[in-house]
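Report on the structure given below.
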Amino acid sequence: MFDKVLIANRGEIACRVIRACRARGITAVAVYSEADAGAVHVRMADEAYCIGPPPSRESYLVGDKILAVAKQCGAQAIHPGYGFLSENASFREQCEAAGITFIGPSAEAMRLMGEKTLARQTMIAANVPVVPGNAKPLEDHEEIKSTAAEIGYPVMLKAAAGGGGKGMRIVASEADIIKAFEGARREAINSFSDDRVYMEKAIIGPRHIEVQVMADSHGNVVYVGDRECSVQRRHQKVIEEAPAANLSPETKRKMGEMACQAARAVGYVNAGTVECLVDAYENFYFLEMNTRLQVEHCASEEAYGVDLVDAQLTVAAGGELPWTQEDLVPQAHAIELRLYAEDPYNNYMPSPGHIHVYRVPKGPGVRIDDGVEQGSEISSLYDPMIAKLIVRAESRSACITRALQVLDEYEVEGIRTNLALLKHVLRAKPFVEGKYTTGILKEIDPLVLEEPGPETALVARVLAALAVHGKSVKKPAAAAEATSNGSALSQWGQDGLRRQMRGDL
């Protein structure tokens, strides 16, 4: 096992990996930009080194700087987390050339699965079911029209080099295909410096199901169950759960075996995720493979009773997987909720700033993966995710109940958050029934800020006036009573109170 590991990331994932290293007695090394000098992950680590100015392109994305630190401090391995350099095959090769272990798959596997058209070709050759479409980028308008006609509308245009919904368009008819293609190509080159676009059959009303895989260098490959990741906003995941609900055991088994087959086809080693689209008839198709640890790995850990990061360390050090396929059965249901610094009442605009109040829920079956604390700054330079709240219970219904309870206990002040959206989705009938699709946020009623009643509005104005004059004041009895009784102030919430104080209402 390694003596010292450098974590080439920031925020909650850096904290997560640091904890795994320290549990093994491994010295954990952090890197940070100038903007993150006071960050939690920096203080948690045994050693920490600044790698440059705040922009990630001048710090976290500069492989040479990270490798220089690794050599300087004597780190034997680098854990990339997710994002940044985690799927950068060239950086993987740099690490290998420097004699430093990269905790992740080979550069070849990254390249085969990272470029979407190449991944399609590889999976087709391995007899893995893929969404019908073309396996190479489109080049001219006539080819676009003929390919769409052959596949059959509706079709999906996708950036060959991208993800996260960038360069993606659903097209219903030939009249819109060329305009959509040009739009997808512009967005692709702006997002990935690569304008290649390919086409797939659009699966209407799909579910987005993931299969977690782990493989070692001794030929062992297993799937650590499945995850439902269909609650998405603008193709970004918001809520995940494991295992997926309302899927037959036979479908789950076949998907797991398919994911292992995909991993073997590229000689995969370490943690990875095979993403699938599943239609209403439980037909499933390979979508892509993420060659890294996923943000939502925590849901699988809580549901299956495993430590995926610890397993990554074991495998990267040359060890065998700590479990067999027979060991991997769900022990509970888990739901992961992503807490973002964004305003759900203002088109989900980012809400950077300082966190003035930060109180996290605690109790049985509650896990918080975060990298912030009271006083932390959420920078506009990085991802707006504040934390992940993971809850575990013996059943899905109990898990939803627990999630709603702990969301009510979560307090974040100073910035806007999506807490209200998370509660809204958990209470929505499609989610409660577990029969939702990737379009769930369009299927349920939109989130609307409740207007305050006259008494609550008066209390808010009084508090606002006192705040302006710099006076400290206890909450008026009327407000305290309203909160404890679950009446106007409780329903309207602190979110509405802050809006009243800002003069937005």
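The values are calculated or read from the model by the stated rules, or taken from the named source; none is laboratory data. Remember, predicted model here, so these are calculated numbers, not experimental data. In this analysis, Cβ positions are derived from the backbone assuming ideal geometry, glycine residues included, and neighbour counts consider all displayed protein chains.
Within the option set E182, E150, E142, being free of Cβ contacts under 8 Å to residues at least 12 places away in the same chain, under 24 Å from D279 (Cβ atoms) and surrounded by fewer than 17 Cβ atoms within 10 Å (Cβ to Cβ) holds for one residue only, E150.
Just one of the numbered conditions (1) in the same structural domain as L381 (by TED's automatic domain parsing); (2) touching a helix residue (DSSP H, G or I) at 6+ places or on another chain (Cβ under 8 Å) is not true of E320: (1). Per the listing P53, P80, the residue uniquely touching an Asp or Glu at 6+ places or on another chain (Cβ under 6 Å) and either assigned by TED's automatic domain parsing to the domain that holds E373 or modelled with pLDDT of 95 or more (or both) is P53. For L404, the conditions (1) buried (at least 16 other Cβ atoms within 10 Å of the Cβ); (2) not hydroxyl-bearing (S, T, Y); (3) not in a loop (DSSP other than H, G, I, E, B) all hold with the exception of (1). Restricting to segment 299-308, name every residue that is under 28 Å from R120 (Cα atoms) and surrounded by fewer than 24 Cβ atoms within 10 Å (Cβ to Cβ). Once the filter is applied, which keeps residues that are under 28 Å from R120 (Cα atoms) and surrounded by fewer than 24 Cβ atoms within 10 Å (Cβ to Cβ), segment 299-308 yields only L308. Contact map, segment 192-211: first residue at positive phi, second residue assigned to a loop (DSSP other than H, G, I, E, B) and surrounded by 18 or more Cβ atoms within 10 Å (Cβ to Cβ), Cβ cut-off under 7 Å, separation 6 or more or different chains; pairs are G205/T437. Contact map, segment 239-250: first residue closer than 13 Å to S395 by Cβ and in the same structural domain as T273 (by TED's automatic domain parsing), second residue outside any loop (DSSP other than H, G, I, E, B) and among the β-branched types (V, I, T), Cβ cut-off under 6 Å, separation 6 or more or different chains; pairs are E241/I335. Can you say whether G365 is touching a residue at least 24 places away in the same chain (Cβ under 8 Å), at positive phi and surrounded by fewer than 15 Cβ atoms within 10 Å (Cβ to Cβ), as far as the supplied structure shows? Criteria not met by G365. If we scan segment 347-354, do we find a residue that is in a helix (DSSP H, G or I), farther than 28 Å from P249 by Cα and modelled with pLDDT of 95 or more? No - not one qualifying residue is present in segment 347-354.
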